[in-house]
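Okay, so here's the structure we're looking at.
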Amino acid sequence: MKLFNPSTANGSNPAEVRPTIGFLGPGAMGAGMVSRLLAEGYEVRVWARRASKAQPLVDLGAVMESSPADVVSAASVVIGCLLDSDVIRELYLGASGDDGIVAHARAGQVFVEHATFDPELALEISRSLNQRGAAFLDAPVSGGPSGALAGTLVSMVGGSTSTLRAVASILSSYCAKLKHAGEIGSGLRLKLINQLLVSVHAVAAAEASALAINAGIDGKTAHDALMGGWAASTMLDIQMPKAYAADYSSGGASMGGLLEVQRLVSEMISQSGTSSELLGPVRRIFQSVSNSGHADDGFSALVLHYLGEDATGRRSVETTLP
């Protein structure tokens, strides 16, 4: 697929100019992606609802645009890392269905959305873009804000092979792995499976952490032993030291943010004809802790479901933590 590049529309040799990248939603995840793109030498045009959020990226060399439409006009590849299905529908399709950024798309442009959202909405956006000669990829990522900054994200991609091939070198600026899952919506469905595992592992890690704390086991000893064998998991590695330290900071990945995704997982399970014995109880624990004032906290706050709000005073067993 040949990309449209406004900077080469005057007839200059397109091989001499790298495509201009537009980026919508440079938040906790997106900021790391944009910084990696800038480090690779791409011209990046950004837009954020709160301009102050993107100022550090402007300081690194990004160009701030005043509207999403301006980003689309300036770029040949438009990348989004937005909040959820509602925000994505509003931004891409608009309130009336014809006043979103899709209405400004041109033939040859590629749109890539890294958020985790409704796979059916991805199909709707893709069809609308195709009518204008543009292409779409749903490409949710796993690895968190730290992975974006380090360039180690894994992206699960839905869309055509040729479209992915056209932008693979761009996405590889911050993704260590690009896994083509199939047609539009497939990347999102695979990400929802990923989030099912993340949710279950997070609650399991909280339960294990609470049990170790209440058993009076030293935090570093518990962490090192459990991470050394079959019990090891990324969520345990992240959550156990923070649970012992009563550190519930989100690091860009909050419990409240996962609640909407868990609803999409539940819908996918129902539509697929399979069942889950785990998701229901896990969702209730996430909801309970979020409702108690921890929606903006990280997954380590799940330990409070087992320890209660007086958990800080129960950590006399801790020593040095990794």
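The values are calculated or read from the model by the stated rules, or taken from the named source; none is laboratory data. Treat the numbers as computed from the prediction; the structure is a model and nothing was measured. Counting neighbours? That spans all protein chains shown, and the Cβs are built from the backbone with ideal geometry, glycine included. The protein model used for the area step is the full one, side chains on, heavy atoms only, and it has no ligands, DNA or RNA in it. Shrake-Rupley method; radii C 1.70, N 1.55, O 1.52, S 1.80 Å.
One table, with the values for the structure above:
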quantity: Some residue of the stretch 249-259 being over 30 Å from C81 (Cβ atoms) and open to solvent by less than 60 Å² (accessible area, probe 1.4 Å); calculated: no
quantity: Residue in the stretch 65-76 that is assigned to a strand (DSSP E or B), within 22 Å of H104 (Cα to Cα) and at pLDDT 95 or above present; calculated: no
quantity: Residues located in the stretch 78-128, provided they are more than 18 Å from A31 (Cβ to Cβ) and of a type in the set (S, T, N, Q); calculated: S85, S96, Q109, S126, S128
quantity: From S142, S160, S146, residue being open to solvent by 40 Å² or more (accessible area, probe 1.4 Å) and within 13 Å of the chain's Cα centre (by Cα); calculated: S146
quantity: Residues that are part of a helix (DSSP H, G or I) and of a type in the set (S, T, Y), drawn from the stretch 215-244; calculated: T221, T234, Y244
quantity: Residue count, the stretch 194-204 (criterion: open to solvent by 20 Å² or more (accessible area, probe 1.4 Å) and touching a residue at least 12 places away in the same chain (Cβ under 8 Å)); calculated: 7
quantity: Exclusive hit being open to solvent by 30 Å² or more (accessible area, probe 1.4 Å) and touching a residue at least 24 places away in the same chain (Cβ under 8 Å), set D118, D98; calculated: D118
